[in-house]
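First up is the structure itself, then whatever we jot down about it.
The values are calculated or read from the model by the stated rules, or taken from the named source; none is laboratory data. A quick note: this is a predicted structure, and the numbers were derived from the prediction, not measured. In this analysis, Cβ positions are derived from the backbone assuming ideal geometry, glycine residues included, and neighbour counts consider all displayed protein chains. The area values use the complete protein model at the heavy-atom level, side chains included, leaving out ligands, DNA and RNA. Shrake-Rupley method; radii C 1.70, N 1.55, O 1.52, S 1.80 Å.
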2 protein chains.
Amino acid sequence: MARERKFSNEELYQTTKQLLLQYGYEGYTITLLANQLDVSRAAIYKYYDNKEELLSEYMVYEFESFLSKLEKISEEKTFSDQFNALFAFIFNDMSLYQLREMGMQIPTVNKTIAKNKQKLSEIHKILYTSLEEFIQLGKQEKVIREDIPSNIVLGLIFQTVNIPNTEGMPHQLWVEKIKEVVCHGLFAI
Amino acid sequence: MARERKFSNEELYQTTKQLLLQYGYEGYTITLLANQLDVSRAAIYKYYDNKEELLSEYMVYEFESFLSKLEKISEEKTFSDQFNALFAFIFNDMSLYQLREMGMQIPTVNKTIAKNKQKLSEIHKILYTSLEEFIQLGKQEKVIREDIPSNIVLGLIFQTVNIPNTEGMPHQLWVEKIKEVVCHGLFAI
DNA sequence: TAGTATAGTTACACATTCGTCACTTTAAGA
DNA sequence: TCTTAAAGTGACGAATGTGTAACTATACTA
């Protein structure tokens with residue numbers, strides 16, 4: 001009944017992600033997106049009323065897929081295995097914290113966006129409580145120190161992702177070293 | 001001989017910093033700056049040929065003052081005291097890493113900017129080697145683990161600054177907790 | 001093969017930013 | 001008081017971004 005599409009939703013989301021990380025929230029434009037997808041700007045507006053709506057839909061997609069991937073981690077048996085899986089997972093797609101910051105910036109210019117932001121904050125809540133439970137488990141099993149607040153534990157893990165690998169170490173080794181420091185600290189004692 | 005100025009260089013730099021951190025590199029505009037300083041845009045252009053030049057001058061200022069403040073740290077006697085001073089210092093002005101990223105983004109559109117970027121990269125080098133020497137000292141004194149590359153040590157310290165204090169803990173306590181984790185790790189063992 | 005729903009394009013109006021230029025204002029010295 | 005140099009303003013053209021509307025292209029189906 002219709003013409004073939006020149007780009008899929010998936011392509012649009014992936015391109016959006018790349019552009020957001022490259023140029024930041026304010027540097028992201030529909031012109032850039034359309035050029036990357038090799039279509040006219042107007043084609044984008046067939047699917048989204050405005051930029052904010054597009055970005056809020058993308059954010060929901062990104063965090064939903066993060067959440068669903070995260071749930072597979074709980075299939076690991078020991079806390080230690082789960083911890084390693086979480087670390088590997090976060091380092092595999094290192095941009096979540098940055099994207100979260102940008103998600104907060106989207107102005108609520110219509111009802112769809114309000115709904116998406118609502119959804120986003122629910123996903124965040126689920127994400128956070130499920131991660132917090134995970135940390136709690138670690139504390140119960142006496143693996144994680146009980147004197148460190150969980151939000152600092154999580155914050156630390158997510159922020160380490162952004163440590164620039166200036167020396168160009170092999171990814172795997174680099175992740176191992178960082179995990180080592182996060183687990184046992186900088187000090188020798 | 002001349003009229004009184006409505007804003008000082010210092011004010012311009014402070015406002016620039018605030019706007020950069022609030023809106024990001026792409027979101028920073030001369031219009032915003034001029035409004036904040038309560039002057040016309042054209043007044044800004046009396047002092048700077050273009051936006052990039054202004055930003056590159058600001059970056060040099062910011063990193064030079066960081067460097068000079070940093071040098072006072074080496075006056076502390078023991079490594080431990082120096083480490084604490086560094087930590088306190090970084091947490092006192094938490095934005096250095098973000099600003100550094102933005103500094104890298106400035107396009108070189110004329111010679112002044114080229115010169116400033118050159119200067120910036122020299123300051124970075126001094127900054128980095130002086131911090132690296134500091135870490136080396138820690139390793140020699142067997143305080144810092146020798147198996148962790150120095151760039152990861154520094155990266156970790158600078159990144160922890162960005163851990164969001166979601167629970168709204170008192171600043172001092174929050175810094176102490178983070179220092180504790182950075183030094184001794186998440187694990188209880 | 002003609003109709004139709006969906007995909008995409010071109011072109012427009014509007015807003016914002018940038019950098020410039022001719023102009024006015026102000027304060028100090030001759 | 002007159003001159004002058006620096007400070008500041010308002011208005012302009014060029015470029016870029018946003019969102020819309022009228023149009024064309026394509027593929028399925030009756």
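Worth pointing out:
- Residue ID - farthest from DNA strand D (Cβ to nearest atom), chosen from residues in segment B:17-75 that are farther than 21 Å from B:ASN116 by Cβ and of a type in the set (S, T, N, Q): B:SER74
- Residue list for segment B:135-146, restricted to those being without any contact (Cβ under 8 Å) to a residue 40 or more places away in the chain and more than 8 Å from every other protein chain (Cβ to nearest Cβ): B:ILE135, B:GLN136, B:LYS139, B:GLN140
- Within segment A:160-175, restricting attention to residues that are surrounded by 15 or more Cβ atoms within 10 Å (Cβ to Cβ), in a helix (DSSP H, G or I) and of a type outside the set (S, T, N, Q), the residue that is farthest from the other protein chains (Cβ to nearest Cβ) is A:VAL175.
Residues are listed down the side, and each one gets a yes or a no for (1) under 25 Å from B:MET94 (Cα atoms); (2) within 17 Å of the chain's Cα centre (by Cα); (3) modelled with pLDDT of 95 or more:
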| residue | (1), (2), (3) |
| --- | --- |
| B:GLU4 | no, no, no |
| B:THR15 | yes, yes, yes |
| B:GLN18 | yes, yes, yes |
| B:GLY24 | yes, yes, no |
| B:TYR28 | yes, no, yes |
| B:ASP38 | no, no, yes |
| B:ARG41 | no, no, yes |
| B:ASN50 | no, no, yes |
| B:GLU53 | yes, no, yes |
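- Segment B:176-189: number of residues that are assigned to a helix (DSSP H, G or I) and either more than 21 Å from the chain's Cα centre (by Cα) or surrounded by 20 or more Cβ atoms within 10 Å (Cβ to Cβ) (or both): 7
- Qualifying helices (runs of 4 or more DSSP H) (wholly inside segment B:5-98; at least 3 residues being loosely packed, with under 15 Cβ neighbours inside 10 Å, among the polar types (S, T, N, Q) and within 14 Å of DNA strand C (Cβ to nearest atom)): none
- Unique residue being open to solvent by 20 Å² or more (accessible area, probe 1.4 Å), part of a helix (DSSP H, G or I) and closer than 24 Å to B:ASN162 by Cβ when the list is A:GLU132, A:GLU122: A:GLU132
- Residues (crowded, with 16+ Cβ neighbours inside 10 Å and either in a loop (DSSP other than H, G, I, E, B) or assigned by TED's automatic domain parsing to the domain that holds B:LYS17 (or both)) located in segment B:99-109: B:ILE106
- No other residue among A:ILE157, A:ILE113 is buried (at least 18 other Cβ atoms within 10 Å of the Cβ), β-branched (Val, Ile, Thr) and within 14 Å of chain B (Cβ to nearest Cβ) apart from A:ILE157.
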